[in-house]
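The values are calculated or read from the model by the stated rules, or taken from the named source; none is laboratory data. Please read all numbers here as calculations on a predicted model, not as lab measurements. Glycine also receives a Cβ, built like all others from the backbone with ideal geometry; neighbour counts cover every protein chain displayed. The protein model used for the area step is the full one, side chains on, heavy atoms only, and it has no ligands, DNA or RNA in it. Shrake-Rupley method; radii C 1.70, N 1.55, O 1.52, S 1.80 Å.
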Amino acid sequence: MAQKPSIPKGTRDFSPAEMTNRNYIFDTVKGVFRLFGFQSIETPAMENLSTLMGKYGEEGDKLLFKILNSGDFAAAPSDQELLERNSIHLTNKISEKGLRYDLTVPFARFVVQYRNDISFPFKRYQIQPVWRADRPQKGRYREFYQCDVDIVGSDSLLNEMELVQIVDQVFAKLKINTVVKINNRKILAGIAEVIGEKDRIVDITVAIDKLDKIGLEKVNEELLEKGIPQTAVEKLQPILNLSGSVSEKLAQLEKVIGHSETGEKGIFEMRTLFAYLDNLELTTEVELDLTLARGLNYYTGAIFEVKAKDAVMGSICGGGRYDDLTGNFGMPGVSGVGISFGADRIYDVLTQLNLFPAATADSTKLMFVNFGPAEEAFCLPVLAAVRKAGINAEIFPDKSKMSKQMTWANHKKIPFVAIVGENEMAQGKINLKNMLSGEQQLVNPQELIKILSV
RNA sequence: GUGGUUGUAGCUCAGCUGGUUAGAGCACUGGAUUGUGGUUCCAGGGGUCGUGGGUUCAAAUCCCAUCAUCCACCCCA
């Protein structure tokens, strides 16, 4: 096969048709964000590695795309360092920038950097691509768009409530049935504390996160494998078996971890949030899921994850509260909470469920057939008038065979074609063809605009 | 990082246990219809069978390697 050009693994091109659908998602999301008082910002694709490293856990650091330093990067490391072949040390010498892994950490950096210009609480949204050096598979890309909304500088649980409302409204508009799973890192920390394995919180949460996927027995196996003592695993069992309503679950949980200060605080936060949510009219299902963990290191309070009920797909939306992210950049004591919509997974879900709207309001409505210079001269003023009336219109740029021009209009799904030749010009009229019905009618320019305006 | 799947025309794929000029549908180009697309009919162009090596009289087909791909695990949007 002849060599074909290609793009890197896990990246994609977007055709005009795909962009129409992607813009439908972005426009929907933006509309809801603005409705709740969020403002847009953008940050660069690349950040200093010092900004990104250490914020996402060990796994996250591995998945960062690093950018090779410009110039003679091979001169920087010493012979000794080159011989060591230690990738981590070497990376520090030859790369100081990386592509952003998410939008939350760059946002925290932004907040600290412009703290004097920002009036808190600061509510921003940001829709940009992020990059992860993951192995691509279904619903997983190396370049994908996140749509983030965050509030920073307020620890009110009203923010958590509004984020759930935003999720609810976005997916209601997109007509995706969803379930919002909510948990709290403080509860997870409380659990780890109570079973006497405070330092193993990551291993414990990662294991119990798999409860509905691999079942209780396998979770216990994994916990033991990771070196959690039998006694601790036993203490965990009542928590893994919790059932009932949200308040029932929380009451049972309180008996077990209530004497942990952190755990109690987590329970209080969840009670408050669910009390708020009870008073809202939500379309989406909301549940307290004590097995929800989420890998990102920086979460400290509520955590969210949203799944589409009718589609096979990982979470399409996720987020949570982070109390000290800005502290990493030298601005302690500022709490933030936010959520991120995965535009590409939402796209895949909408495709799976065939939920994209058929109407394409942004495409061409009228095309003028081109018969040559004389006809052009007649059509161009009419075309200008049509555009002035706000109607998307164009003229075929070349004088080619009519069937070619018609085929082109057809492929572009243009609903009306204006055919103007000698006969029409003699009458000062336009032959307007409806491409759906095939009907044609002779009209003057004013009538043309009137017909197309409806 | 670990395991598996698949690589044949622009796209989606067929090609049985190795056998002569490698096929189909869609797409494309031309014609039937020199001012009419979407339907129909006819004709045409387009393929180092991912790459490299091996077995064989003979390889798209069997073996090895390699690259790419998709899927699953890990982790995550």
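Against the compact-protein benchmark of 2.2 N^0.38 Å, the Cα-based radius of gyration of chain A scales to 1.27. For chain A, find the longest principal axis of its Cα atoms and tell me its angle to the long axis of helix A:343-352, 0 to 90°, nearest 10. Helix A:343-352 and the main axis of chain A meet at about 70 degrees. Nonpolar atom fraction for chain A, defined as the carbon and sulfur part of the 1.4 Å probe accessible area, stands at 51 percent.
Of interest is the spacing of the C-alpha centroids, which for region A:203-261 and region A:270-297 amounts to 18 Å. For a straight C-alpha distance cut-off of 20 angstrom, the aspartates and glutamates reachable from A:K226 (same-chain residues fewer than eight places away being disregarded) are A:E58, A:E59, A:E193, A:E197, A:D199, A:D203, A:D209, A:D212, A:E217, A:E234. Note on A:K255 and A:N23: the model spin-label points, each 7 Å out from Cα along the C-beta direction, lie 5.8 nm apart. Over region A:75-127, accessible surface divided per residue gives 56 Å², non-protein components excluded, 1.4 Å probe. Quick one: check the C-alpha center-to-center distance for region A:139-174 versus region A:354-409, whole angstrom. A separation of 40 Å, based on Cα centres.
Taking the convex hull of the alpha carbon positions in region A:366-453 and averaging its projected area over all directions gives 5.1 nm². For chain A, the mean residue ellipticity at 222 nm estimated from helices alone is -12500 deg cm²/dmol, where every DSSP H run of n ≥ 4 contributes -39500 (n - 2.57) and the total is divided by all residues, rounded to the nearest 500. Determine the percent antiparallel among the DSSP beta bridges restricted to region A:180-336, to the nearest 5. In region A:180-336, DSSP labels about 75 percent of beta bridges as antiparallel.
Taking the DSSP bridge list for chain A and keeping only pairs wholly inside it, about 80 percent are antiparallel. Taking Rh as the Kirkwood radius computed over C-alpha pairs, what is the Stokes-Einstein D of region A:313-374 at 25 °C in a medium of viscosity 0.890 mPa s, expressed in µm² per second? In µm²/s, the coefficient is 147. Using R₀ = 25 Å, calculate the FRET efficiency as 1/(1 + (r/R₀)^6) where r is the Cβ-Cβ separation of A:K9 and A:L90; round to 0.05. According to the calculation, E is roughly 0.60. Against chain A, whose longest principal axis is taken from its Cα atoms, helix A:373-388 shows a tilt of about 50°. Of all DSSP-defined beta bridges confined to region A:366-453, some 55% are antiparallel rather than parallel. Could you tell me how far the Cα centroid of region A:80-132 sits from the Cα centroid of region A:1-78, in Å? If we compute the Cα centre of each part, the gap is 12 Å.
Between A:K175 and A:E59, the contour length at 0.36 nm per residue exceeds the Cα-Cα span by 38.3 nm. Between the helical axis of A:158-174 and the longest alpha-carbon principal axis of chain A there is an angle of about 40 degrees. With 25 Å as the limit, the listed pairs A:K309/A:K365; A:K210/A:K249; A:K365/A:K404; A:K388/A:K412; A:K30/A:K97; A:K175/A:K388 have A:K309/A:K365; A:K30/A:K97; A:K175/A:K388 beyond it between alpha carbons.
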